[in-house]
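Some notes on the structure that comes next.
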Amino acid sequence: MTAPDNTYWESLAQKALAGQATEQELNLLLEGLSGQNGADLQQVLDKLLGITEGEDEHQINQLLSAYKQTPKKYSSIVDKVLESDKISEPPKVLKVSAKNGRSIYWYRAAVILLVCALGVLITLSIQKGRQSVIHKMAKNPSVDYNIVPGKDKAILTLANGKKILLDSAANGVLADQNGVDIHKVQNGQLIYTANESTAPDATGSGIIAYNTMTTPRGGKYQLVLPDGTKVWLNADSRIKYPTRFTGANRIISMVGEAYFEVAKDAKHPFIVETSRGMNVRVLGTHFNICDYPDQPVVRTTLLEGSVRVIYHSDSLMIVPGQQATMAIDGSLATKSNIDLDRVVAWKNGLFYFDQMDIVSIMQALSRWYDIDVHYAGKQPTDLFSAIMNRDNDIHEILSMLEATEKVHFKITGRTIEVLSGK
């Protein structure tokens, strides 16, 4: 059998970097790197990754910092690389290197697979974190390890005050609200559709019926509003909306965090009223609003289209890639060159921490894992960067943070105590 040439390896490596390679193809890359064709593949990877001799560490850290996606199908391949004895235990800042004179090809293998498939973190130690989890479980078998990640869970409050637990309700039509059927479908989604057999506002009262969807801590849900607008609701959030849009504007209100894909309707602007008074006015666009009460600012980030943000008599327009913020005093400001992948990471099943303090990180974890957080002594002032799957075990995440030696945690039931590191 003829050995694969550079064209073959380049094609395979490009598929991997594009996130399109299968597990079998990624395994072939690993075998190639450790086999007789390793030198050829090393040159291919150097070219594709832009790595030049003498600058490995700097450029590889840049690649890791640029990592955005986490395809789950590659996780087993990443585990194989990380558990291999061909890679030394990485230090606090993630650097994969060879040890005992072993081939630098495995350096490249770790890079290409981490860039394609890393599902845990960037700057935190992987191996040390996992070993810490195993050690703690063996040392403390009585500790409750039943803190689980969030899931599709929400409460729907109808116009008459009736509450429906959506995670336990059967799929199908849940209710008829003012001539609109409410359908629960698979994959945690609620859809409102007009019921032509029932006249809207059958009571003749002229009163608009409102529904409210609330996600608890540890919950998330998707919603399709009567006009076709799609809404993703993050944990510990609430949205109130009419069962049928009437009049000149489509107005809803919210608190917490939500991502919107607004159905286009030039004649009827879509307006989101946040709990702290920021109003977001659009015609049809994609944007994210974060309005958690425990955060100092309200943030509206635009991914597509255009948005006008209003607070009393002040207003500003933002374009895709920009973020409008409103401070506690109501002042509006615009930020540009926003990392959109970071903003919507929660919607895509990820935690994306970029130079964040431990308080902000723990706020995000507490909402998703439904845990209480307390701080003992002086709070750590270090900043952390990491990308993690939101379905990871909480103990693994905490152990990875501990691997930096900047912070430690004590778990008692569903309460986590945060302590400074060394």
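The values are calculated or read from the model by the stated rules, or taken from the named source; none is laboratory data. Keep in mind it's a predicted model, so treat the numbers as computed, not measured. Quick reminder, even Gly has a Cβ in these numbers, built from the backbone with ideal geometry, and neighbours come from all protein chains shown. Keep in mind that these areas ignore ligands, DNA and RNA; they rest on the heavy atoms of the full protein, side chains included. Shrake-Rupley method; radii C 1.70, N 1.55, O 1.52, S 1.80 Å.
Among residues of the stretch 279-304 being assigned to a loop (DSSP other than H, G, I, E, B) and polar (S, T, N, Q), the one that is nearest to GLY256 (Cα to Cα) is GLN295. The condition (being aliphatic (A, V, I, L, M) and within 18 Å of the chain's Cα centre (by Cα)) is satisfied by just one residue among ALA376, ALA364, ALA403: ALA364. For the stretch 305-315, a residue qualifies if it is surrounded by fewer than 16 Cβ atoms within 10 Å (Cβ to Cβ) and either among the hydrophobic types (A, V, I, L, M, F, W, C) or not in a loop (DSSP other than H, G, I, E, B) (or both), and the qualifying residues are ASP314, SER315. Of all residues being part of a loop (DSSP other than H, G, I, E, B) and free of Cβ contacts under 8 Å to residues at least 24 places away in the same chain in the stretch 332-347, which is most open to solvent (accessible area, probe 1.4 Å)? Just the residue, please. Among those that are part of a loop (DSSP other than H, G, I, E, B) and free of Cβ contacts under 8 Å to residues at least 24 places away in the same chain, it is ASN337.
How many of the residues in the stretch 162-180 are of a type in the set (Gly, Ala, Ser) and more than 22 Å from PRO216 (Cβ to Cβ)?
As a first pass, look at the stretch 162-180 and keep what is of a type in the set (Gly, Ala, Ser): 168-170, 172, 175, 179.
Now drop any that are not more than 22 Å from PRO216 (Cβ to Cβ), which leaves 172, 179.
The qualifying residues number 2.
Taken over the stretch 261-288, the criterion of being surrounded by fewer than 16 Cβ atoms within 10 Å (Cβ to Cβ) and among the small types (Gly, Ala, Ser) is satisfied by ALA266, SER275, GLY277. The criterion of being in contact with a Pro (Cβ under 7 Å, 6 or more places away or on another chain), in contact (Cβ under 8 Å) with a residue 12 or more places away in the chain and not in a helix (DSSP H, G or I) holds for ASP391. Scanning the stretch 288-299 for residues that are more than 14 Å from ALA333 (Cα to Cα) and touching an Asp or Glu at 6+ places or on another chain (Cβ under 8 Å) yields a count of 5. With the condition kept exactly as written, say whether any residue in the stretch 285-302 is in contact with a His (Cβ under 9 Å, 6 or more places away or on another chain), modelled with pLDDT of 95 or more and within 21 Å of ARG250 (Cα to Cα). Looking for residues that are in contact with a His (Cβ under 9 Å, 6 or more places away or on another chain), modelled with pLDDT of 95 or more and within 21 Å of ARG250 (Cα to Cα), one finds at least one in the stretch 285-302, hence yes.
Condition check for LYS240 on (1) out of contact with any Lys or Arg (no Cβ under 9 Å at 6 or more places or on another chain); (2) surrounded by 21 or more Cβ atoms within 10 Å (Cβ to Cβ): one failure, at (2). Would you say ILE358 is under 17 Å from GLN295 (Cα atoms) and over 14 Å from the mean Cα position of the chain (by Cα)? Taking the combined requirement at face value, the residue satisfies it. In the stretch 366-376, the qualifying residues are those that are hydrophobic (A, V, I, L, M, F, W, C) and within 18 Å of SER420 (Cα to Cα), and the one that is surrounded by the most Cβ atoms within 10 Å (Cβ to Cβ) is VAL373.
The set of residues from the stretch 383-394 being open to solvent by 10 Å² or more (accessible area, probe 1.4 Å), more than 15 Å from ASP354 (Cα to Cα) and in contact with a Phe, Trp or Tyr (Cβ under 9 Å, 6 or more places away or on another chain) comprises ARG390, ASN392, ASP393. Against the list (1) assigned to a loop (DSSP other than H, G, I, E, B); (2) more than 13 Å from the chain's Cα centre (by Cα); (3) buried (at least 20 other Cβ atoms within 10 Å of the Cβ), the condition ASP329 fails is (3). Looking at GLN322, GLN379, GLN355, just one residue is open to solvent by 20 Å² or more (accessible area, probe 1.4 Å) and at pLDDT 95 or above, and that residue is GLN322.
For the stretch 243-260, the set of residues classified as crowded, with 17+ Cβ neighbours inside 10 Å and at pLDDT 95 or above consists of ARG250, ILE251, ILE252, MET254, VAL255, GLY256, GLU257, ALA258, TYR259, PHE260, listed by residue number.
Every condition in (1) under 28 Å from the mean Cα position of the chain (by Cα); (2) modelled with pLDDT under 85 holds for ALA170 except the one numbered (2). The residue that is nearest to GLY256 (Cα to Cα), among those in the stretch 154-177 that are open to solvent by less than 40 Å² (accessible area, probe 1.4 Å) and part of a loop (DSSP other than H, G, I, E, B), is ALA154. Checked across the stretch 289-302, the condition of being surrounded by 22 or more Cβ atoms within 10 Å (Cβ to Cβ), within 16 Å of the chain's Cα centre (by Cα) and in contact (Cβ under 8 Å) with a residue 40 or more places away in the chain holds for at least one residue. When the residues of the stretch 178-189 are narrowed to those that are farther than 23 Å from LYS151 by Cβ and in contact with a Lys or Arg (Cβ under 9 Å, 6 or more places away or on another chain), which ends up most open to solvent (accessible area, probe 1.4 Å)? It comes out as ASN178.
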